[in-house]
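The values are calculated or read from the model by the stated rules, or taken from the named source; none is laboratory data. Since the structure is predicted, the reported quantities are computational estimates derived from the model, not experimental observations. Methodologically, a virtual Cβ is constructed for each residue, glycine included, from the backbone with ideal geometry; neighbour enumeration extends over all protein chains shown.
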Amino acid sequence: MQCRAPARAGGQKSHFEVSEGGVATYAHGYGRDRQASRRTQAHDPQLRVSEGRQHARYAHGSTELHHRAQNVGPEGRAGELGNGDDRAATAGRARTSSRCSRDLAESDPVSGDLPLLGFGLPVSGGWATPDTMRRTARRAEELGYASLWTFQRVLYPADGELDRSHREVHDPVIPLAYVAGHTDRIGLGTATVCAPFTAPALLAKTLTSLDVLSGGRLTVGLGIGWLRQEYAAAGVPFERRGARMDEYVRCLEALWTQDPVEFAGEFFMVPRSHVGPRPVQRPHPAVLLGGAAAPALRRAGRLAQGWISSSRQNLTRIGECVETVRDGAREAGRDPEAVRILVRGLVDLVDEDPGAQRRPLQGTREQVLDDLGALRAQGVTEVFFDLNFSPRAGFPGVDAAAALAYADRVLDTFAPANGSS
């Protein structure tokens, strides 16, 4: 089956051509994740839950970022930060820019017909310290961001075939548990955990504990994995990954919803047993699945509550993938409009128009906001800005203070309208 782009009514512009003035409301359901809907409503008075749908309204202003910081342009990359004095000066200028961005966020908050906004928790590279994790999580919550996200990378092959952002990556669950203790409302999610590397019963126990300790704030993002070296290290056959993933999701759901639970499949088995505690969210935390091939997209719509795009996703044609996910939901007799569509946004905030070679989510504040509007028009319900994949933050050797200052600048620049500060 070939992916197709969703139909657009009223001559709505496609690709990244959404005009500045387009402001509207939208509604998207979170399936069975009612606790998540109630939690979001609790920390955002502008969000309301009605008839199983979560409604949000953002309206972005037209004010541009007036102040610039020289250190956070394309030149501010790993290995180019100079000596200690240069790094201190760089961090100082970045902090100045962040303060200017904070002033802008307070005077011109982000609103409009945009996806819900989240942020990638620092888990990769030199900036992924306990202090940076804690400060970033608190600031994101203060500003009204909906969620924080991590990802998993078990190995970095010695042949260097992966991007440098994969070189030093923390476990995907432990940092979320850490910042859960320093926040109260913001959602917590994995994007993604490679499910086949861990037995379903063990992962269910870990994730249930996190859901309980965080007060029901967890979204479970699962991936199938693609790195053969990681499969070898986990002792799991690389073949038949799709069939294994289908069964994994069914087993995980059984562990969360049956008491006693009993599961006997081709790949996984759970003897008849009681499993506790139960998740705070009922019947279980929302599950989102990754993957790019058509069968993986349909699987997300058929078995899970939504889909997570990869860091390499072509955002100019993501509407085709969205419709394939929804097709999977339709085939399973589920509501296609209730599917969550989460995009990992590799944002690159700059002060001047990058020109004709600009990619989506790279550019000035207004350009990135227009890109977010275009993603919403293609069916995306949520975007989280992930600086772990940015050479300005998540690469080994990047100065942690400069990376944190850049993160603060991004957080402040795109602060949702419901922020408390």
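One table, with the values for the structure above:
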item	result
Which listed residue is over 22 Å from LEU148 (Cβ atoms) and either touching a Lys or Arg at 6+ places or on another chain (Cβ under 6 Å) or β-branched (Val, Ile, Thr) (or both), from VAL287, VAL275	VAL275
Hey, ARG164 closer than 19 Å to GLY345 by Cα and crowded, with 20+ Cβ neighbours inside 10 Å or not	no
Any pair with Cβ under 6 angstrom, 6 or more apart, that starts in region 343-371 at a residue that is at positive phi and ends at one that is surrounded by 22 or more Cβ atoms within 10 Å (Cβ to Cβ)	LEU361/GLY345; LEU361/VAL347; LEU361/VAL368; LEU361/ASP371
Residues located in region 180-206, provided they are free of Cβ contacts under 8 Å to residues at least 40 places away in the same chain and either of a type in the set (Asp, Glu) or in a strand (DSSP E or B) (or both)	none
Residue in region 102-115 that is modelled with pLDDT of 90 or more, buried (at least 16 other Cβ atoms within 10 Å of the Cβ) and out of contact with any Pro (no Cβ under 6 Å at 6 or more places or on another chain) present	yes
Considering residues of region 183-198 that are under 16 Å from the mean Cα position of the chain (by Cα) and hydroxyl-bearing (Ser, Thr, Tyr) only, the residue surrounded by the most Cβ atoms within 10 Å (Cβ to Cβ)	THR192
Unique residue being in contact with a helix residue (DSSP H, G or I) (Cβ under 7 Å, 6 or more places away or on another chain) and either within 25 Å of ILE186 (Cα to Cα) or surrounded by fewer than 22 Cβ atoms within 10 Å (Cβ to Cβ) (or both) when the list is VAL383, VAL368	VAL383
Filter result for VAL249 (outside any helix (DSSP H, G or I) and aliphatic (A, V, I, L, M))	no
Those residues of region 231-276 which are under 22 Å from THR192 (Cα atoms) and of a type in the set (D, E, K, R), in sequence order	GLU239, ARG240, ARG241, ARG244, ASP246, GLU247, ARG250, GLU253
Residue within region 252-269 that is touching a helix residue (DSSP H, G or I) at 6+ places or on another chain (Cβ under 8 Å), part of a loop (DSSP other than H, G, I, E, B) and β-branched (Val, Ile, Thr) present	no
From the options THR198, THR150, residue that is touching a Pro at 6+ places or on another chain (Cβ under 6 Å) and either over 21 Å from GLY345 (Cβ atoms) or not hydrophobic (A, V, I, L, M, F, W, C) (or both)	THR150
Qualifying residues in region 255-268 (those that are within 28 Å of the chain's Cα centre (by Cα) and buried (at least 19 other Cβ atoms within 10 Å of the Cβ)) - the one nearest to ARG240 (Cα to Cα)	LEU255
Conditions (1) surrounded by 15 or more Cβ atoms within 10 Å (Cβ to Cβ); (2) assigned to a loop (DSSP other than H, G, I, E, B); (3) free of Cβ contacts under 8 Å to residues at least 40 places away in the same chain: number failed by VAL280	(3)
Checklist (1) farther than 19 Å from VAL280 by Cα; (2) part of a loop (DSSP other than H, G, I, E, B); (3) touching a Ser or Thr at 6+ places or on another chain (Cβ under 9 Å) applied to TYR145, failing item	(3)
Filter result for the condition that a residue is among the small types (Gly, Ala, Ser), under 25 Å from THR190 (Cβ atoms) and in contact with a Lys or Arg (Cβ under 6 Å, 6 or more places away or on another chain), over ALA304, ALA332	ALA332
Residue count, region 209-237 (criterion: surrounded by fewer than 16 Cβ atoms within 10 Å (Cβ to Cβ) and either touching a Lys or Arg at 6+ places or on another chain (Cβ under 6 Å) or closer than 23 Å to ARG302 by Cα (or both))	1
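Residue by residue, here is whether (1) in contact with a strand residue (DSSP E or B) (Cβ under 7 Å, 6 or more places away or on another chain); (2) surrounded by fewer than 16 Cβ atoms within 10 Å (Cβ to Cβ); (3) not in a helix (DSSP H, G or I) holds:
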{"residue": "LEU288", "(1), (2), (3)": "yes, no, yes"}
{"residue": "ALA292", "(1), (2), (3)": "no, yes, yes"}
{"residue": "ALA300", "(1), (2), (3)": "yes, no, no"}
{"residue": "TRP307", "(1), (2), (3)": "yes, no, yes"}
{"residue": "ARG312", "(1), (2), (3)": "no, yes, yes"}
{"residue": "GLY319", "(1), (2), (3)": "no, no, no"}
{"residue": "VAL322", "(1), (2), (3)": "yes, no, no"}
{"residue": "ARG326", "(1), (2), (3)": "no, no, no"}
{"residue": "GLY333", "(1), (2), (3)": "no, yes, yes"}
